[in-house]
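Reading through the structure tokens given below for one structure.
The values are calculated or read from the model by the stated rules, or taken from the named source; none is laboratory data. All values derive from a computational prediction rather than experimental measurement. Positions of Cβ are generated from backbone atoms using ideal geometry, with glycine treated the same way; all protein chains shown enter the neighbour counts.
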Amino acid sequence: MARELFTARLAHKECISEVAQCYHFVFVIDELESFPYTAGQFVSAVAEDANGKMQTRAYSIASAPSGNRFELCVNRVEEGFFSNHLADLPDLPIGSKIQIHGPHGHFVLQEPSTDSIFIATGTGVAPMRGYTQWLFPPESGPEAGPDRSQGKQICLVYGTRYETDIYYREEFEALEKRKPNFHYLPTLSRASESWGGLREHVQVHVGRIVEERAAQLGLPLPQPAPDPAIPAAELKFDIYAYICGLNFMVSSVRDQLAGFGWHRKQIVFERYD
Ligand SMILES: Cc1cc2nc3c(=O)[nH]c(=O)nc-3n(C[C@H](O)[C@H](O)[C@H](O)COP(=O)(O)OP(=O)(O)OC[C@H]3O[C@@H](n4cnc5c(N)ncnc54)[C@H](O)[C@@H]3O)c2cc1C
């Protein structure tokens, strides 16, 4: 069955890291009054390449639902077609258009809210931005809404190489100041000497969070396996991990959490490659 294609008009484009060539985009679907999706889902963008072949690529939505708009965070991939096509879209006032279908995907927050570790590298931060906007809407202005976190502890562990590539840093730092149950942990693998924050890969900090939490709650690690009599779909967990980025990181963190005894249903992930 043919998928319904929407035309999305570029309303705003901003380079958020010159070094990493990463762009933030705001698109508006003029033909719709609202574009409903769940934070964490992706859209499929469609365009013709230089050989006249239709190309489709997935892009996580980097915002929480808001009217007929959605936002993306895309970095240029060397020799890549679609990432460069988007990065080269002319800025306003031209109002370039792209074709998309969606929303798609199951990389969404589990209900009811639980303590959560969001783990991302690079543009894998996009769905995490959607999650945090949904959980912690602003207290005033047009996007204002109730806090949906239910007081659960939400950690965002964000790994990148350099200080220049910490996408949306000011937003997450402001959110951490506003919400005592949101914890922002950017960590750099190739930090300069002057960097006063966390270093190393995300796994180091994920391991520490899991160990400290188990110690605080007096829980054993590895966790005991759930009762096999309970069907997997009915298992209830008090913490989930959400992992997004390139496969080598996603697989490594999944293995790490499995080593702590985490159940596969507690580990929700999206791979970009
Ligand atoms: C569900 C899903 C959501 C995605 N969301 C995003 C997103 O929010 N932002 C985003 O920038 N990309 C995202 N991607 C990746 C995106 O779909 C494209 O693969 C990427 O833009 C490269 O496409 P291209 O046509 O430029 O290059 P191609 O010629 O198709 O790809 C070249 C190679 O680049 C690698 N690659 C893919 N993504 C990246 C990346 N982000 N950084 C470095 N190397 C990469 C892959 O190994 C791929 O084989 C997502 C992928 C999936 C499956």
remark   = If we keep only residues of segment 167-185 that are in contact (Cβ under 8 Å) with a residue 40 or more places away in the chain and outside any helix (DSSP H, G or I), then the residue nearest to PHE118 (Cα to Cα) is PHE182
request  = Run VAL108 past the list (1) over 15 Å from the mean Cα position of the chain (by Cα); (2) more than 7 Å from the ligand (Cβ to nearest atom) and report the number of the one that doesn't hold.
outcome  = (1)
query = When both residues are 6+ apart or on different chains and their Cβ atoms are under 7 Å apart, which pairs have a first residue that lies in segment 75-92 and is farther than 13 Å from THR56 by Cβ, and a second that is within 8 Å of the ligand (Cβ to nearest atom) and assigned to a helix (DSSP H, G or I)?
reply = ASN75/SER83; ASN75/GLY122; ASN75/THR123; ARG76/SER83; ARG76/ASN84; VAL77/SER83
request  = Can you work out which of the residues in segment 189-209 that are among the aliphatic types (A, V, I, L, M) and out of contact with any Leu (no Cβ under 7 Å at 6 or more places or on another chain) is modelled with the lowest pLDDT?
outcome  = ALA191
request  = Could you run through segment 69-101 and say how many residues are more than 8 Å from the ligand (Cβ to nearest atom), surrounded by fewer than 19 Cβ atoms within 10 Å (Cβ to Cβ) and aliphatic (A, V, I, L, M)?
outcome  = 4
query = Any residue at all in segment 232-239 that is without any contact (Cβ under 8 Å) to a residue 24 or more places away in the chain and within 16 Å of the ligand (Cβ to nearest atom)?
reply = no
key: Extreme residue, nearest to PRO138 (Cα to Cα), among residues of segment 54-68 that are away from the ligand (no atom under 12 Å from the Cβ) and part of a loop (DSSP other than H, G, I, E, B)   = ALA64
note = In segment 126-153, residues that are surrounded by 24 or more Cβ atoms within 10 Å (Cβ to Cβ) and touching a strand residue (DSSP E or B) at 6+ places or on another chain (Cβ under 6 Å) total 3
query = Within the bounds of segment 142-165, is there any residue that is modelled with pLDDT of 95 or more, in a helix (DSSP H, G or I) and of a type in the set (Asp, Glu)?
reply = yes
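Per-residue answers, yes or no, for (1) assigned to a loop (DSSP other than H, G, I, E, B); (2) among the aliphatic types (A, V, I, L, M); (3) surrounded by 11 or more Cβ atoms within 10 Å (Cβ to Cβ):
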position: THR187; (1), (2), (3): no, no, yes
position: VAL204; (1), (2), (3): no, yes, yes
position: ARG208; (1), (2), (3): no, no, yes
position: PRO222; (1), (2), (3): yes, no, yes
position: ILE230; (1), (2), (3): yes, yes, no
position: ILE243; (1), (2), (3): no, yes, yes
position: SER252; (1), (2), (3): no, no, yes
inquiry  = Testing ALA144 on (1) aliphatic (A, V, I, L, M); (2) without any contact (Cβ under 8 Å) to a residue 12 or more places away in the chain; (3) within 15 Å of the ligand (Cβ to nearest atom), one condition comes back false. Which one is that?
reply    = (3)
ask   = Any residue in segment 26-49 that is in contact with a Pro (Cβ under 8 Å, 6 or more places away or on another chain), farther than 27 Å from GLN150 by Cα and near the ligand (Cβ under 10 Å from one of its atoms)?
value = yes
inquiry  = Quick check on segment 27-36. Is at least one of its residues in contact (Cβ under 8 Å) with a residue 40 or more places away in the chain and touching a helix residue (DSSP H, G or I) at 6+ places or on another chain (Cβ under 7 Å)?
reply    = no
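Which strands (runs of 3 or more DSSP E) does segment 1-50 wholly contain that include 3 or more residues that are closer than 17 Å to PRO90 by Cα and of a type outside the set (A, V, I, L, M, F, W, C)? Quick ask: steps written out before the conclusion?
Details: elements: 6-17, 22-28, 42-48.
Here the list reads 6-17.
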